[in-house]
Amino acid sequence: MQRILGAADGFSFSPSTRSLANNHLETLPRFLFRGLETLTHVDLRGNPFQCDCRVLWLLQWIPTVNASVGTGACAGPAALAHMQLHHLDPKTFKCRAIEVCKPGLSDEDPWGAPGLPDSLPSPLHPFPELSWFQTVGESALGVEAFSYQGEPHVVLAQPFAGRCLILTWDYSLQRFRQEEELSAPSVVSCKPLVLGPRLFVLAARLWGGSQLWARPGPDLRLAPLQALAPRRLLRPNDAELLWLDGQPCFVVADASKAGSTTLLCRDGPGFYPRQSLHAWHRDTDAEALELDGRPHLLLASASQRPVLFHWFGGRFERRTDIPEAEDVYATRHFQASGDVFLCLTRYIGDSMVMRWDGSMFRPLQQLPSRGAHVFQPLLIARDQLAILGSDFAFSQVFRLEPDRGLLEPLQELGPPALVAPRAFAHITMAGRRFLFAACFKGPTQIYQHHELDLSA
């Protein structure tokens, strides 16, 4: 059993010295030496310290004190056995983890093992736990978070239920509840847009035509506003919101040979076609991003490599394609340390991470991804994560390591295991962080996110 300071232990104290030597201590309470500015000598030798995140505070404190400190050596874990404490570098310790807990678990009862320096491949490396918070029964193809009237909301695209389902937080029950739904048979994407008191929801549908719904004010309900480009949008597969020249626009990726990916911009009360893009290429995904201070659009297609367009002269013009990126189903981007990264999803083969070099995206990393339809980056608290969903295996969570600029495995997502995940979204509600996972062949799962300081 772990041994810490106790009243019966034989310690030697004086106003300027503290001797805790040879007391079978594996760790020390944090802030043990707080307020002892007159210390000139501390003796910790002869103790079997476990050199994991519980001693990180001690390693950070030693260089700041005007006293000689006899630290002694590590007794464990095995990779650090017999190493002197003062030879350990605090910067190599990973002592923060992400955890999602079941209701009723407190932050004082964290799951997972203490962390070790990241250079040591040890089973004690801190892998977070992810556990269930709430389930939304019907399957979904998409999930989007948005804020309306100061309150966070989530909208789910539920094709089998034939609706866009809007959820909000129930402060009494402390869980998510249905606020409103709009009828949308065969829906593949529900894309919200908030303009002051008005709420718009674009419902992209495989059959029956895509529609725009609108809520004029907070006390009213959503109602159909207009049909969207019925001759161009024949088999939509994705929809994205972007702003061009100060105006909101939607781009809808169309996967049929007869249809075309279409840019719809606001004109008066509705949204109307501004430009047709990429006809005949059966686009599966659209991603809006900014490069070099200008709007760009990236289209993934079943027939060719992803193509990058840039906004020029009031329309999108082709800029380049992405080499070494065949059979890409979808793309998502994120920014970190001034760089723009791209996550490319491939159903067969390896999914990829690329980085913008100023003229094109260059390959940076490959990740095995058989059966993947989504590779989604998310910034949760201070962690840049990316979740690689799979139809045949557990979904994997990766975290960007800032020093290396690479995604490193963090954990498997679950339990419960996700069944054919298609989209992820992060929302902060009532000071708590949640992760939504929309699944095509199973219910949507909601997880609660906690950030743990394992050095405490």
Once phi for every residue in region 423-436 is put through the Karplus expression 6.51 cos²θ - 1.76 cosθ + 1.60 (θ = phi - 60°), the whole-Hz ³J(HN,Hα) values, with Gly and Pro written as x, are 6, 10, 8, 10, 9, 9, 9, 6, x, 10, 9, 10, 10, 9
Over the chain, the sum of -39500 (n - 2.57) across DSSP H runs of at least four, divided by residue number and rounded to 500 deg cm²/dmol, gives at 222 nm -500 deg cm²/dmol
Listed by chain and number, the aspartates and glutamates with an alpha carbon less than 12 angstrom from that of Lys441, same-chain partners under 8 positions apart left out, are Glu138, Asp391
Once both label points are put 7 Å beyond Cα along the C-beta direction, the Gln84-Thr135 separation in nm becomes 5.7 nm
For Ala229, other-chain or 5+-apart residues with amide H closer than 5 Å (H placed, Pro excluded) are none
Sorting Met354, Leu385, Ser369 by the position of each Cα along the dipole of region 340-413 (Lys, Arg +1; Asp, Glu -1; all at Cβ), the one nearest the positive end of that ordering is Met354
Region 344-365 scanned against label point 7 Å out from Ser337 along Cα→C-beta; backbone N under 18 Å for 353-358, 362-365
In terms of the alpha carbon gyration tensor, root eigenvalues a ≥ b ≥ c, rounded if a/c is under 1.5 and otherwise prolate when a/b exceeds b/c or oblate, region 340-456 is oblate
For the pair Ala302 and Asp327, the simple spin-label estimate (label points 7 Å beyond Cα toward Cβ) gives in nm 1.5 nm
Phi-derived 3J(HN,Hα) across region 379-396 with the Karplus relation (6.51, -1.76, 1.60, θ = phi - 60°), rounded Hz, x for Gly and Pro, is 9, 10, 6, 9, 9, 8, 10, 9, 10, 9, x, 9, 7, 10, 8, 5, 6, 10
Rounded to one decimal in nm, the spacing of the 7 Å Cα→Cβ label points at Trp207 and Asp245 is 3.9 nm
Taking the dipole of the chain about the Cα centre (Lys, Arg +1; Asp, Glu -1; charges at Cβ), the one of Gly270, Gly46, Phe434 that reaches farthest to the positive side is Gly270
If every Lys and Arg gets +1 and every Asp and Glu gets -1 at its Cβ, then about the Cα centre the chain yields a dipole, in debye to the nearest 20, of 880 debye
Computed ³J(HN,Hα) along region 153-166: with the Karplus parameters 6.51/-1.76/1.60, θ = phi - 60°, integer Hz and x for glycine or proline, the list is 9, 9, 10, 10, 8, 10, x, 6, 7, x, 7, 9, 9, 9
Everything considered on the Cα gyration tensor (a ≥ b ≥ c; rounded for a/c under 1.5, else prolate if a/b is larger than b/c, else oblate), region 164-220 must be described as oblate
Between Ala336 and residues 5 or more places away or on another chain, the pairs with built amide H atoms under 5 Å apart involve Phe341
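Laboratory data are not the source of any read-out in this text; all were calculated from the coordinates shown. Everything numeric here is computed off the predicted structure, so don't read it as measured data. Note that we place each Cβ from the backbone using ideal geometry, even for glycine, and neighbour counts take in every protein chain shown.
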